[in-house]
Amino acid sequence: MTQAELVAEAGGLGSKAQPFGVLARLLREGNVAVMSGAGLSTESGIPDYRGPSGQARRTGQPMTYQEFTGSASARQRYWARSHLGWRHVTGAAPNAGHRAVAALERAGLVAGIITQNVDGLHQAAGAETVTELHGSLHRVVCLSCWERTSREALDDRLRAANPAWTAAEMRAEPAVNPDGDVAFEETAGFTVADCQSCGGVLKPDVVFFGENVPRARVDACFSLVSASSALVVLGSSLTVMSGFRYVRHAAALAIPVVIVNQGATRGDALATATIDAPLGAALTELARELALAGGADASV
């Protein structure tokens, strides 16, 4: 089925069709805030937690901040699993949905992007005004001196420290979880790397379960939504409050909310319009409707 057919099946696009017509009209007016979730990255091969491509595929619970900071064996397990999953994160490329959002930003229609994703794919597609609500897997932070360094540099150190383990276990091709680690349990032989500056504990620069999003980041996102003419949610079930609060905030201010997602979301009752359609197809068709450069194909 073509992209156009997929979108048409979900209700069509254009001024005569609802709810795609609502989305197109709001974007034509500009000053739109976008909030993206894991569903936008599934077409890049990164699974989500709850959507059609995720289907609760994770085995066990994600690592919590309390467990990570309180147990050396938990950190060893996390870094071993994350080390194996890192090549899948770095191997992912922006999809048509990411490229369409970047095109909308370049056209001056999107005022800013809030992403719940930690994969860096918005920036890889060329978007510039991106707030990473939950941080990024591409950075590492020391919990003692708070120095931030690149994940690529840490990956080199982990490879050097674990040559036999890495070579043997990478051949197993374990399933990748939504947050970039893998479902692999035999991690006792893995050597963890500490901060090169102070010897402190290294953590990916992401917000773990049980950890709070920094207040300044939260407030900046509230300000973006408050100043926008509309909020468009892309690929998020809005199950967690860290994203849902911005939908509630927009609705309280009578700012229109449009949700594009495969499946129902927690915010549907607050939305002006909801669209159940594949993200890449829907956003590419939207770019075409708005006559953006490259909007008629996957090169936007």
Legend entry - Residue within the stretch 44-53 that is among the hydrophobic types (A, V, I, L, M, F, W, C), at pLDDT below 90 and under 19 Å from Asn261 (Cβ atoms) present: yes
Legend entry - Candidate set from the stretch 143-172 (those that are touching a Leu at 6+ places or on another chain (Cβ under 9 Å) and not hydrophobic (A, V, I, L, M, F, W, C)); member that is modelled with the lowest pLDDT: Glu169
Legend entry - helices (runs of 4 or more DSSP H) wholly inside the stretch 192-294 that include at least 3 residues being crowded, with 23+ Cβ neighbours inside 10 Å and out of contact with any strand residue (DSSP E or B) (no Cβ under 9 Å at 6 or more places or on another chain): 279-289
Legend entry - Residues located in the stretch 242-278, provided they are more than 19 Å from Thr42 (Cβ to Cβ) and β-branched (Val, Ile, Thr): Val247, Ile255, Val257, Val258, Thr272
Inset, instruction - Please find, within the stretch 11-42, the residue that is modelled with the lowest pLDDT out of those that are among the aliphatic types (A, V, I, L, M) and open to solvent by 30 Å² or more (accessible area, probe 1.4 Å). - result: Leu13
Legend entry - Identity of the residue in the stretch 138-153, of a type in the set (A, V, I, L, M) and open to solvent by 10 Å² or more (accessible area, probe 1.4 Å), that ends up nearest to Met241 (Cα to Cα): Leu143
Inset, instruction - Go through the stretch 255-290 and count every residue that is acidic (Asp, Glu) and touching a Ser or Thr at 6+ places or on another chain (Cβ under 6 Å). - result: 1
Legend entry - Checking Cys145 against (1) in a helix (DSSP H, G or I); (2) more than 24 Å from Gly45 (Cβ to Cβ); (3) not aromatic (Phe, Trp, Tyr), the condition it does not meet: (1)
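Yes/no per residue for (1) small (Gly, Ala, Ser); (2) in a helix (DSSP H, G or I):
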| residue | (1), (2) |
| --- | --- |
| Glu67 | no, yes |
| Ser73 | yes, yes |
| Arg77 | no, yes |
| Ala80 | yes, yes |
| His83 | no, yes |
| Ala93 | yes, no |
| Arg99 | no, yes |
| Val118 | no, no |
| Gly126 | yes, no |
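Out of the residues in the stretch 117-137 that are of a type in the set (Asp, Glu) and open to solvent by less than 60 Å² (accessible area, probe 1.4 Å), state the one that is farthest from Gly243 (Cα to Cα).
Residues of the stretch 117-137 that are of a type in the set (Asp, Glu), as a first pass: 119, 128, 132.
After this cut, where a residue has to be open to solvent by less than 60 Å² (accessible area, probe 1.4 Å) as well, the list is 119, 132.
On the way: Asp119: 17, Glu132: 12 Å.
The qualifying residue farthest from Gly243 (Cα to Cα) is Asp119.
Which of the residues belonging to the stretch 101-116 are open to solvent by 20 Å² or more (accessible area, probe 1.4 Å) and part of a helix (DSSP H, G or I)? Steps first, answer last, please.
Initially, the stretch 101-116 is screened for residues open to solvent by 20 Å² or more (accessible area, probe 1.4 Å), giving 105-109, 111, 116.
Those that are open to solvent by 20 Å² or more (accessible area, probe 1.4 Å) and part of a helix (DSSP H, G or I): Glu105, Arg106.
Here's the yes/no breakdown for (1) touching a residue at least 24 places away in the same chain (Cβ under 8 Å); (2) hydrophobic (A, V, I, L, M, F, W, C); (3) within 28 Å of Leu279 (Cα to Cα):
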residue: His83; (1), (2), (3): yes, no, no
residue: Gly91; (1), (2), (3): yes, no, yes
residue: Pro94; (1), (2), (3): yes, no, yes
residue: Glu105; (1), (2), (3): yes, no, yes
residue: Val118; (1), (2), (3): yes, yes, yes
residue: Gly126; (1), (2), (3): yes, no, yes
residue: Leu143; (1), (2), (3): yes, yes, no
Legend entry - Single unsatisfied condition, Asp179 versus (1) modelled with pLDDT of 95 or more; (2) within 21 Å of the chain's Cα centre (by Cα): (1)
Inset, instruction - Look at the stretch 65-77 and say how many of its residues are open to solvent by less than 20 Å² (accessible area, probe 1.4 Å) and out of contact with any Lys or Arg (no Cβ under 7 Å at 6 or more places or on another chain). - result: 1
Inset, instruction - Only residues that are at pLDDT below 90 and in contact with a Pro (Cβ under 9 Å, 6 or more places away or on another chain): list them for the stretch 56-82, please. - result: Arg57, Arg58, Pro62, Arg81, Ser82
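The values are calculated or read from the model by the stated rules, or taken from the named source; none is laboratory data. In this text the structure is predicted, and so the values were computed from the model without any measurement. Backbone-built Cβ (ideal geometry, glycine too); neighbour counts: all protein chains shown. Surface areas here come from the heavy atoms of the whole protein model, side chains and all, with no ligands, DNA or RNA. Shrake-Rupley method; radii C 1.70, N 1.55, O 1.52, S 1.80 Å.
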